[in-house]
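Undergrad: The structure's right below; bear with me while I get my questions together.
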Amino acid sequence: MQSDSQHVVRFHYRVFEPSSAEPLLSSFEGDPISVLLGRGGLIPGLERALLGRSAGERFEVDLDAADAYGERRPELTQRVPKKHFRAPASLRAGEQTYIATREGRRAVTVKKVGMSVVDVDLNHPLAGKDLHFEIEVVEVREASAEEIAHGHAHGPGGHRH
Ligand code: ZN
């Protein structure tokens, strides 16, 4: 089966900065991830690169920042009360952590820790970076009616409720 939108693709990935042989992130030591294509669950360049693939296929793709996590936006800095952090006492500048937002958990980078507030950078940690991906497609399957209704993949590597 070749992947199309409305299919669930399960895949392993390694992501590199173009100048580095050391991956920033890799799924190969753990479980592959599952994504329902065509629902914006992936960065745009990967979504395109995963169309028309079959189980067992391996490929590499180079993405510009705009097709990956987007350009860095300097204005995306925010002052957040400490109560929004799970462990505010241990926050350090440069550290990546999460804050709770209306849209769910969001990854942020701590810029400065004050007495009662923390300045955070809301850009994705990989924003502004050109990225190189190595992909291995593990499985391509039809999405269930429930997955299509929810807009995401269920099962191993997918969304957990
Ligand atoms: Zn669901």
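The values are calculated or read from the model by the stated rules, or taken from the named source; none is laboratory data. Just so it is clear, the structure is predicted and the values come from calculations on it, not from any experiment. Here Cβ is always computed from backbone atoms with ideal geometry, including for glycine, and neighbour counts include all displayed protein chains. These area figures cover heavy atoms from the full protein model, side chains too; ligands, DNA and RNA do not enter into them. Shrake-Rupley method; radii C 1.70, N 1.55, O 1.52, S 1.80 Å.
Undergrad: Whose amide H sits under 5 Å from the amide H of GLY128, counting only residues 5 or more places off or on another chain, with H placed in the peptide plane?
TA: The list, which skips near neighbours in sequence, is TYR69, GLY70, GLU71, ARG72.
Undergrad: OK, next. When only Cα pairs under 8 Å and 6 or more residues apart are kept, what is the percent relative contact order across the chain?
TA: 35
Undergrad: May I pose another question? Return the long-range amide H neighbours of ARG53 (sequence gap of 5 or more, or a different chain), with a cut-off of under 5 Å between placed amide H atoms.
TA: SER3
Undergrad: Let me ask something else about it. Calculate the tail of P(r) for segment 1-144: the fraction of all Cα-Cα distances greater than 24 Å, expressed in %. Could the numbers behind the result be given before it?
TA: Details: 4446 of 10296 pairs.
Above the 24 Å cut-off, segment 1-144 has 43 percent of its Cα pairs.
Undergrad: OK, next. Which one of GLY158, THR109, PHE11 has its Cα pushed farthest toward the positive end of the charge dipole of the chain, where Lys and Arg give +1 and Asp and Glu give -1 at the Cβ?
TA: Value computed over the given set: THR109.
Undergrad: Between ALA127 and PHE28, what is the label-point separation in nm under the 7 Å Cα-to-beta-carbon projection?
TA: Using points 7 Å along Cα→Cβ, the separation is 3.0 nm.
Undergrad: What is the Cα centroid distance between segment 77-145 and segment 40-67, reported in whole angstrom?
TA: Cα centroid of segment 77-145 versus Cα centroid of segment 40-67: 22 Å apart.
Undergrad: On to the next question. Can you list residues from other chains, or at least 5 along the same chain, whose modelled amide H is less than 5 Å from the amide H of ALA143?
TA: VAL8
Undergrad: How much accessible area per residue does the chain have, counting only protein heavy atoms and a probe of 1.4 Å, in square angstrom?
TA: 60
Undergrad: Any idea of ARG92's accessible area? Nearest 10 Å², probe 1.4 Å.
TA: 140
Undergrad: Here's something else I'd like to know. Straight-line reach from LYS82: which lysines have Cα under 25 Å away, leaving out those fewer than 8 places along the same chain?
TA: Once the sequence-local lysines are set aside, what remains near LYS82 is LYS111, LYS112.
Undergrad: Here is a follow-up. Along segment 136-147, what does the Karplus equation 6.51 cos²θ - 1.76 cosθ + 1.60 (θ = phi - 60°) give for ³J(HN,Hα), rounded to whole Hz, x for Gly and Pro?
TA: 10, 7, 9, 7, 10, 8, 5, 6, 6, 4, 5, 5
Undergrad: Here's another thing I want to ask about it. Only sites in a loop by DSSP and with at most 14 other Cβ atoms within 10 Å count here; which GluC sites (Glu not before Pro) in segment 1-106 make the cut?
TA: Passing sites in segment 1-106 are GLU29, GLU71, GLU75, GLU95, GLU103.
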